[in-house]
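Student: Let me begin by handing over the structure; questions about it come next.
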């Protein structure tokens, strides 16, 4: 916890405890609505929960929060804390619901709208994420993360005009952040504006020259442009920095296959599959390599190995009609 956040937390606790104490000493006719409908007992429970959260006792903290909300159902800060607790436990659906309730009670809370955007993005609920992030940008117009969040959410909704609008705003807020340039490249690539996408990725690489993700994004754009040698150089650099990067190995497998380096392609695809068993493209490519070797060497076992990888690829991503036709064709040949 930073010094500023600790100071903010201490100040909040002091205000809440003071309010609770004042109400506790007030005449009997004083009502919870006198402090916005939150009862002093609920405030004390909230403070307990916040302290327990800082001690990493999430279950006990959540219990206190729920007790506070039973006493004061419109306690926005309690819903916000509940969202934090569920987010820390990776219970993103429950976290989103808690943050959303907090924003309904307090429509001026940037923190809750921003966090609602984050957890709904994890859930890939992009329309919900857009609404949250856009509201967050209105509340804090100079917040880079809120603008990038809105841009990414619009990108996933294929609304490229709005995605680029918020990407450009993010770049204006922090011109030295490579994320906006990478996202701009993704948006341009999705619209088949390859040259502009490459320039955007290059700009991102200038801002962050040792970032494997940026290297891979630029390499992927080069691949679309059939610039295999340029892509290969970037991918090899990315692997030097991050040897466990499955995507880089997978792309290298494709390039080496296209260039006729079958053995290297086999090594690349095998490494990609070892690093990520759910990489359907790596399984597909590895299947191609094995089938080609099996046909060339007239080796039924190698062909079968390839067919098995194709089946795995189709299990992960069933919507591959061309691969399904290839599997049916070569499986039929194996039976004959």
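Student: What's the total number of residues in segment 101-123 that are surrounded by fewer than 21 Cβ atoms within 10 Å (Cβ to Cβ) and over 15 Å from the mean Cα position of the chain (by Cα)?
Tutor: The number of residues fulfilling the criteria is 7.
Student: Taking the options 289, 295, name whichever one is touching a helix residue (DSSP H, G or I) at 6+ places or on another chain (Cβ under 9 Å), part of a helix (DSSP H, G or I) and crowded, with 16+ Cβ neighbours inside 10 Å.
Tutor: That would be 289, the only listed residue that is touching a helix residue (DSSP H, G or I) at 6+ places or on another chain (Cβ under 9 Å), part of a helix (DSSP H, G or I) and crowded, with 16+ Cβ neighbours inside 10 Å.
Student: Could you count how many residues in segment 86-100 are surrounded by 23 or more Cβ atoms within 10 Å (Cβ to Cβ) and more than 14 Å from residue 120 (Cα to Cα)?
Tutor: 0
Student: Checking the structure you have, find out if any residue of segment 219-226 is without any contact (Cβ under 8 Å) to a residue 24 or more places away in the chain, part of a helix (DSSP H, G or I) and surrounded by fewer than 19 Cβ atoms within 10 Å (Cβ to Cβ).
Tutor: no
Student: Using the structure shown, decide if residue 96 is closer than 30 Å to residue 210 by Cα, touching a helix residue (DSSP H, G or I) at 6+ places or on another chain (Cβ under 6 Å) and part of a helix (DSSP H, G or I).
Tutor: no
Student: Another question about this same structure. On the basis of being assigned to a helix (DSSP H, G or I) and at pLDDT 95 or above, does residue 281 make the cut?
Tutor: Here the answer is yes, as residue 281 does meet what is asked.
Student: From 230, 246, 300, grab the single residue that is within 29 Å of the chain's Cα centre (by Cα) and in contact (Cβ under 8 Å) with a residue 12 or more places away in the chain.
Tutor: Result: 246 is the single residue among 230, 246, 300 that is within 29 Å of the chain's Cα centre (by Cα) and in contact (Cβ under 8 Å) with a residue 12 or more places away in the chain.
Student: Residues in segment 191-204: is at least one surrounded by fewer than 23 Cβ atoms within 10 Å (Cβ to Cβ), within 21 Å of residue 246 (Cβ to Cβ) and either within 17 Å of the chain's Cα centre (by Cα) or at pLDDT 95 or above (or both)? Give the derivation first.
Tutor: Restricting attention to segment 191-204, the residues satisfying the condition of being surrounded by fewer than 23 Cβ atoms within 10 Å (Cβ to Cβ) are 191-196, 198-199, 202-203.
Then drop every residue that is not within 21 Å of residue 246 (Cβ to Cβ), which leaves none.
Scanning segment 191-204, I find no residue that is surrounded by fewer than 23 Cβ atoms within 10 Å (Cβ to Cβ), within 21 Å of residue 246 (Cβ to Cβ) and either within 17 Å of the chain's Cα centre (by Cα) or at pLDDT 95 or above (or both), so the answer is no.
The values are calculated or read from the model by the stated rules, or taken from the named source; none is laboratory data. Just so it is clear, the structure is predicted and the values come from calculations on it, not from any experiment. Glycine gets a Cβ as well: all are built from the backbone with ideal geometry, and neighbour counts include every protein chain shown.
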